[in-house]
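*Asks:* The structure is given below, and queries will be raised subsequently.
The values are calculated or read from the model by the stated rules, or taken from the named source; none is laboratory data. Predicted, not measured: the structure shown is a model, and the values here were computed from it. Quick reminder, even Gly has a Cβ in these numbers, built from the backbone with ideal geometry, and neighbours come from all protein chains shown.
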Amino acid sequence: MPTVMGLTTDSSSKTTTTLGNQDLKKPNGGSRLDTISKRNHHAAKEIETLFWRCLCDDPSAAPEYMAEDCILINPLLSSHPSTTPLSKDSEPNILEVFEKAEPWAGFRFHGDPLVVEIDLMAVALVYKVSLYTVDKKGKGTREVVASVSSSWRQTAGADWVLVAHHCQIGEDQGEDELPPAGLPLTEECGNSIRLLTLREPNSHEGETLSLEMHLSTTSEEYIGLSYEWGQAKPDDPIVLVNNRQVQIRKNLHEAIRQIFEHYSNYRKQRRECKCPHHLGATVVDERALEDQDDSVPYLPWDRRRGPLVDTCRCGDRPKKDCHEKSLGPWTNLGDSSFWAKYDPPRLWIDALCINQDDNKEKSSQVGRMGIIFSSAKLVLSWIGLPRDGSNDALRMMRTLSMSYPELPEFVATGGLTDSLIVSIASLCERTYWRRVWILQELYLARKYVVMCGPESIASESFDEALARLARTPTRHDSIDRSAAKAIVAAMWEKRLYSFVRWLRIILDANFQATVPHDYIYALLSISSPALFDMDKPDIDRTKIIVDYDKTIAEAYCQFLQSFEVGQSLMKHSHCFLKLALKMGLSHEEGVALLDPEHLKRREAAKGSKSNFDNWLFDL
C-alpha cells in the first residue's frame, strides 16, 4: 500500500515543522493540531500526485490507493469512457476497469491544488489537470484538460486512501505536436533556450528531470552535453520532464544517469558534512585567534594566503574565499569540489531542449548551436559506458598529462604497457569521435570534460596526453590516426577557419551524421566570421539558411550557391562531389548540381577523353 511517510498523528512519528513568527501569533499557532493540519495538506498534494503517476505508469496498480468504499467517476479512462459511478461492487468494477485502462503519457497540474480540511484526518482537493496521450505513430500528442475533485482519509495505520474521485472533461486541445514539457519557443521569446535542471527523485519517479526555460544563453550558467544519438529503439528508456513521460535514446539516458550519480554523491556528502563553516563557523585572522571565543567554530585566515582551510570534504568553500578556482587540468567529475560550482546543474541537451518534431524550431535552434555551445560554461563530452579497459586508459592519460621530466623513463620502464596503448587507442576510436557535430561542440567550448562511465578527464589533460604520446620514443600509429587525435589536432590549428578545410577533415576522417543536411549545417558556426576574427571565409554564411524541410538536393544546391563571387567551384570540385555522395546523392546528381551545364557540354564534346568535363564526370 503506498504510504506518505511522516504524516501520522502518532507522537512517535511526529515530523518537525519550522514555524515562523506569523504562526506563533495565531490562537492555535505552534500547536499539535495546527501542525497536523499542515502535514495533512502536504500529504494530500503528494498522494494525489502519486495517484496520477500511477495512472501514467501502471493503471492496474491504482486500486491499491483506494478505500474499499471508494466511488470513482472518471470518463477519462480509455476503457470505460462514461460518467457511470464505479466502485468495487459496480459492473464493471474498479479492478476490471483499471486492469484494462491504458496509461497516460503524462500529466500536469494547473497551479497548486486547493486543499480543504474535511475532518481531522480527511481532506478534499480541487484542481485542474492536463493529461497527455501520444498517437500510435508516436508523434502527435493530444492534451485533455479536466477539472478534478477528490477526497482522501487516513487510516489507523497512517496510510492515506482515496474515498472519492471525480473528473469533469474541459477543453480538448486536439491532436497537436506539443513542444518539450509544454514550453514553446515562439518568436516573442527572442533568443531563449530551454534548460534542464536535475532534481533528486522520490521512490516513485526513478530518474526525473525538471525543465526550465530561460530567455538568454548568457544570463544563466549551464552545461552543454555532447553525446552520440545512436539508433532509436522501441524499448528506449523513459524519463519524466515536468511530470511528462519522454522517451529518450539509451545512450543519452546513460549519460544523464551518470551525471545524476555524480551530483547525488555530492549532495549526500554535503548533507553529511560536519565542516566548521557548515556549522556556522566564523572566518578570523590568525592574529586574532587569542581573542576568539573557544565555543565558536572558526576557520583560520591569513591576510596574504586567505583561508588556511581551502575546501571541505563536500567541496563547499569557506565564506570569505570568494576566488573561484578554475577547472583544473586533472579535474574528475567524481570530485565534490567540481559540483560545488554547478549546484544545481543546469543542462542543455539538444534531444530534450529542442522540439525534434518541429522542423521550424529545429532549424532555428540548430542555426544558433554555435552560440549555445560557446556560451555554455562547460561542455560534458559523453563517449559512452566503460569497455575495453577505458577506465585504466583515462587514468593513464591523466598520469601522462602531468608535467614531469621523467616521462621517457616512465615509458621505457614499462609504465605504459601495450595493453594500455590498445585501451587508449580503443577509447580514441569510439564512434562518438566521428560525429560531425562534435567538431563544433568541442571547438567552441570554453572548457570540456571527457566522460566515459564514472571516469572523466578535463580537456587540458586529454589534449596534453595525446601530445605526449606523439613525443614518446615509440610511435603509436593507432592513436595518431584516431578520430580523437584528428579533432584535437584541428582544435590546435587555429587557422582552420575555412569551410572547405573543415569539409576535407570530415570527409577524409569519415565523419558521420544522422541527417544528411548536418554535413553542411554542423560546420557553419566554426566557419563564421561572426565568431572568428580571421581572414575572409570562403562562403557567404548569410546565403545558407538552416532548413530541415529542404530536400537533400536543395540543401546541397544552397551550399554551392553560398560561395563568394570569384571563388572557383571547380577548384574544389572533387571535395564537393565527395560531399554529394556522402549526403546520399548519386554520382550523376552530384555532378549535375555542381555544374548544371555539364551534361550538355559533355554530349557536345563526346569522344574527347582529354575534355575536363569528361574527367569530372568520371571521378
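*Asks:* Name the single residue that is modelled with the lowest pLDDT among those in the stretch 414-447 being over 20 Å from I223 (Cβ atoms) and among the acidic types (D, E).
*Replies:* Filtering first and then ranking leaves D418.
*Asks:* Can you find a residue that is more than 27 Å from the chain's Cα centre (by Cα) and either at pLDDT below 85 or acidic (D, E) (or both) anywhere in the stretch 183-194?
*Replies:* Scanning the stretch 183-194, I find no residue that is more than 27 Å from the chain's Cα centre (by Cα) and either at pLDDT below 85 or acidic (D, E) (or both), so the answer is no.
*Asks:* Are there any pairs with C-beta distances below 7 angstrom linking a residue in the stretch 263-275 that is outside any helix (DSSP H, G or I) to a residue that is of a type outside the set (A, V, I, L, M, F, W, C) and at pLDDT below 70, with the two at least 6 apart or on different chains, and if so which?
*Replies:* Hits for this filter: C273/R313; C275/R313.
*Asks:* Also, quick follow-up: Starting from the stretch 62-74, take each residue that is under 12 Å from W152 (Cα atoms) and of a type in the set (F, W, Y) and list its partners that are at pLDDT 85 or above and assigned to a strand (DSSP E or B), counting only C-beta distances under 6 angstrom and pairs at least six apart or across chains.
*Replies:* Correct list of pairs: Y65/L162.
*Asks:* So, in the stretch 578-589, of the ones that are closer than 14 Å to E554 by Cβ and surrounded by 14 or more Cβ atoms within 10 Å (Cβ to Cβ), which residue ends up modelled with the lowest pLDDT?
*Replies:* So the residue we want is E589.
*Asks:* List the number of the failed condition for Y548; all other conditions in (1) aromatic (F, W, Y); (2) modelled with pLDDT of 70 or more; (3) more than 19 Å from K360 (Cβ to Cβ) hold.
*Replies:* Condition (3) is where Y548 drops out.
*Asks:* Would you be able to say whether some residue in the stretch 527-538 is at pLDDT 75 or above and surrounded by 13 or more Cβ atoms within 10 Å (Cβ to Cβ)?
*Replies:* yes
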